[in-house]
Amino acid sequence: MSRVVVAVLIALAWAAWAVAADAAAATRQRLTALRAEVAHHDKLYHQHAAPEISDYDYDRLKQRLRELEAAFPEIARETPAVAEIGDDRSGLFQTHRHRERMLSLDKSYAEADLRAFHARLAKLLGRDDLAYVVEPKFDGFAVSVTYEKGKLIRAVTRGNGVEGDDITANAVMIRRLPRTLRAVADDGAANPIPDTIELRGEIYVSFAEFSRINAEREATGEALFANPRNLATGTIRQREAGVVERRNLEIVFYGVGACMPLSAQPPTQRGLHDMLRRWGLPGVGKFWTARGADELWVAVQALDRARAGFAFPTDGAVVKLDEVALQREAGATEHAPRWAMAYKFAPARAETQLRAIVVQVGRTGVLTPVAEFAPVELAGSTVARASLHNRDEIARKDIRVGDFVYVEKAGEIIPAVVGVNLARRPAATRAFVFPESCPVCRTAVAQRAGEVAVRCPNAACPAQLRRRLEHFASRECVAIDGLGPATIEALVEKGAVKDVADIYRLRRAVLLTLGKDTGKSADRMLAAIEASKRAELWRFVHGLGIPQVGAVAAKEVARRFGSLDALLRVAPGEFGHDATGRALAAFFAEPRNRATVEGLLAAGVRPIAHGTATAAPGGRLAGKIFVLTGALPTLTRAQATEKIQAAGGKVASSVSRNTHYVLAGAEPGAKREQARTLGIPVIDEAAFLALLRDE
Ligand code: IVH
């Protein structure tokens, strides 16, 4: 071989080695970057409950890392791995060790993954006709609750799988979590009560509760929860007294950790669901059964279709072998059982073009940017707007007008802009410049220390005033029928109302100048305003729009202090030291707010202190008390009563200070006179029907 050939061969070998070394270096770099990215999102997800990316993207990221690690095991071993089961320990609680490790679940995203799962199990267990249970995958916070001799003794988070935060004090506030297991079921049969059982489940928040809490937070300028799971996580870790009680957390049980004696554990997953019900514990409700891979896939799809009707958030299905004996035989890997698998549903996602970013001003002055995009179909409805939450959020995602953005329904209900398709960014876009001054009153904006919200600091800002009035008059507060956004806007523009108390000083003549108005609707509105003077106290407290004081806290305040006058007399230090107490102290320290309450009292507002437990607001006449008198032209007494009750109102037999309306027909008798004396509005059938139609 000539020297030249040898030299060429050596050069080639060296080049091949260099290419391989380069590839290894590139893989190493990629692995390190991916691990850092996963670790970053792990921390946001588990410890701060404030993720930056959607859950689906987070899961896929972890999946990509696992795949890369599996493809290059040697390289993967060179650098420290990310913990497989995240760690939710917060450092705020005592920790407690689980008797049986709390594992995670392997995840799958496609039919083929599920079939592979079944094939693996069929091979391992030597049979193909395996029976499965398919349950919703609740999107909440995993918890292990221990009952000893039927008594609840502890609730612990998953933590690192071995030990977690002891959250018993907060968990016992969950209304549906019983302190004792029922020894006798509804059918009279005795239930076995294990000496010790660790029940595994999920703490979560319903869609309705998520919307309620976020609506309150949006109004008061507090940061919103991105999804119900973050809300559940943020709540169960609260150390502040009162917060957990005020949020309706739910719990569901779906598994067993340790059980002593082992014989007390039901032999199948189906049996467990039955036993949970007999013990009086909240169970998964609806689940599907399947035998073999085909049925398994059918069941998972059936669950996907059904979940649109669930009142709670789900992000997938959990597929479990039904027989506990087979589960034990299949065993577990380091981080997940081999007998169960999560199947994650892809979130509804659409791409659309952002047309504008509109900045709205809320009632506490918070500026909220809202994305307006070309309408798109998303999980069964057309969406064209989504909150962008705050200035930082836009900057972090670099969302620009003209961009093609991805829109998802966070927690399946609220549309959210989750990212930008940079590949389609038009050439002429510019970074969004958040306004430096209020878009309505032009006052320079301000930001409070430690808050992400940017505010208009001008309390007299017409936008804030409008929102405060709308809130006060809304059905959730004192419920003044007919005083909606359009009327409020006109009144504010005229300068006729500068404060909620001014509503009670409105004259007929002013209402008549609103243009479209006839004398009749002015009278109806005056009657509604008059009637609202006797709304329940909590409705006024809620209507004042005190930051942190929503409907639930307002009811507590009403119960505790009993009247508006009493609230004005409380010394600053005596409101209490919880979040509500501090909020009240701050509110009543402001002369402007005291003047509002004094103004309400001076205008004749006399809230009723009792009745705080009346039906939830919702119907057009929610909480309203009617007295009927005389013969109505078309309705019988029974029909009128039925209409009032159907709209959430009540009918009383005699007129008192608590009466909101006297509905009078021909020959009304003494009741009408009593109403006049007490200043209670008397309405005829036409006005009553108009009230029902919300005119
Ligand atoms: S079984 C050993 N069933 O999903 C198996 N988990 O991503 C334990 N989850 O850690 C879990 N709904 O927090 C199971 N029906 C369900 C579930 C469920 C939600 C959660 C649970 C688990 C996580 C895995």
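The values are calculated or read from the model by the stated rules, or taken from the named source; none is laboratory data. Treat the numbers as computed from the prediction; the structure is a model and nothing was measured. Don't worry about glycine lacking a Cβ; one is built from the backbone with ideal geometry, like all the others, and counts go over all protein chains shown. To get the accessible areas, we keep the full protein, side chains included, count just its heavy atoms, and leave off ligands, DNA and RNA. Shrake-Rupley method; radii C 1.70, N 1.55, O 1.52, S 1.80 Å.
The residue that is farthest from Ala528 (Cα to Cα), among those in the range 450-501 that are acidic (Asp, Glu) and within 26 Å of the chain's Cα centre (by Cα), is Glu451. Taking the range 170-197, which residues are out of contact with any strand residue (DSSP E or B) (no Cβ under 9 Å at 6 or more places or on another chain) and either among the small types (Gly, Ala, Ser) or surrounded by fewer than 18 Cβ atoms within 10 Å (Cβ to Cβ) (or both)? The answer is Arg182, Ala185, Asp186, Asp187, Gly188, Ala189, Pro192.
Within the range 263-311, the set of residues being more than 26 Å from the chain's Cα centre (by Cα) and of a type in the set (Val, Ile, Thr) comprises Thr268, Thr289, Val298.
Among the residues making up the range 147-169, those that are in contact (Cβ under 8 Å) with a residue 40 or more places away in the chain and open to solvent by 10 Å² or more (accessible area, probe 1.4 Å) are Glu148, Lys149, Arg154, Arg158, Asn160, Val162, Glu163, Asp166.
Taking the range 51-156 as the region of interest, the helices (runs of 4 or more DSSP H) fully inside it that hold 2 or more residues being within 13 Å of the ligand (Cβ to nearest atom) are 55-71. For the range 446-470, the set of residues classified as open to solvent by less than 40 Å² (accessible area, probe 1.4 Å) and within 18 Å of Leu224 (Cα to Cα) consists of Ala453, Val454, Arg455, listed by residue number. The residues of the range 115-147 that are under 33 Å from the mean Cα position of the chain (by Cα), modelled with pLDDT of 95 or more and not polar (S, T, N, Q), listed by number, are Tyr132, Val133, Val134, Glu135, Pro136, Lys137, Phe138, Ala142, Val143, Val145, Tyr147. When we screen Glu530, Glu476 for residues that are assigned to a loop (DSSP other than H, G, I, E, B), acidic (Asp, Glu) and closer than 19 Å to Leu621 by Cα, the only hit is Glu476.
For the range 507-559, residues that are acidic (Asp, Glu), more than 20 Å from Gly599 (Cβ to Cβ) and surrounded by fewer than 19 Cβ atoms within 10 Å (Cβ to Cβ) total 2. Residue count for the range 483-506 under the criterion of being open to solvent by 30 Å² or more (accessible area, probe 1.4 Å), of a type outside the set (A, V, I, L, M) and either closer than 26 Å to Leu689 by Cβ or modelled with pLDDT under 90 (or both): the result is 1. Looking across the range 37-47, the residues that are at pLDDT 75 or above and either open to solvent by 60 Å² or more (accessible area, probe 1.4 Å) or among the aromatic types (Phe, Trp, Tyr) (or both) come down to Glu37, His40, Lys43. Remark: pairs (first residue in the range 293-321, charged (D, E, K, R) and within 15 Å of the ligand (Cβ to nearest atom); second residue assigned to a strand (DSSP E or B) and open to solvent by 20 Å² or more (accessible area, probe 1.4 Å); Cβ separation under 7 Å; 6+ apart in sequence or on different chains) = Asp315/Lys137.
Restricting Glu334, Glu323 to those that are in contact with a strand residue (DSSP E or B) (Cβ under 6 Å, 6 or more places away or on another chain) and over 22 Å from Ala384 (Cα atoms) reduces the list to Glu323. For Gly161, the criteria (1) more than 16 Å from Val256 (Cα to Cα); (2) within 16 Å of the ligand (Cβ to nearest atom) hold in every case but one, which is (1). Scanning the range 234-259 for residues that are open to solvent by 20 Å² or more (accessible area, probe 1.4 Å) and farther than 19 Å from Leu103 by Cα turns up Gly234, Arg237, Gln238, Arg239, Glu240, Ala241, Glu245, Arg246, Arg247, Asn248, Glu250. When the residues of the range 560-600 are narrowed to those that are among the charged types (D, E, K, R), farther than 20 Å from Arg239 by Cβ and part of a helix (DSSP H, G or I), which ends up most open to solvent (accessible area, probe 1.4 Å)? By that ranking, first place goes to Arg569. State yes or no: is Val500 β-branched (Val, Ile, Thr) and in contact with a Phe, Trp or Tyr (Cβ under 6 Å, 6 or more places away or on another chain)? Here the answer is yes, as Val500 does meet what is asked. Restricting Pro347, Pro369 to those that are touching a Lys or Arg at 6+ places or on another chain (Cβ under 8 Å), assigned to a strand (DSSP E or B) and not aliphatic (A, V, I, L, M) reduces the list to Pro369.
Look at (1) over 18 Å from Leu537 (Cα atoms); (2) modelled with pLDDT under 85; (3) of a type outside the set (S, T, N, Q) and you find that Lys643 fails only one, number (2). On the stretch given as the range 322-339, residues that are assigned to a loop (DSSP other than H, G, I, E, B) and more than 12 Å from the ligand (Cβ to nearest atom) total 2. When Trp297, Trp339, Trp288, Trp279 are checked against the criterion of being among the aromatic types (Phe, Trp, Tyr) and open to solvent by less than 10 Å² (accessible area, probe 1.4 Å), a single residue qualifies: Trp279.
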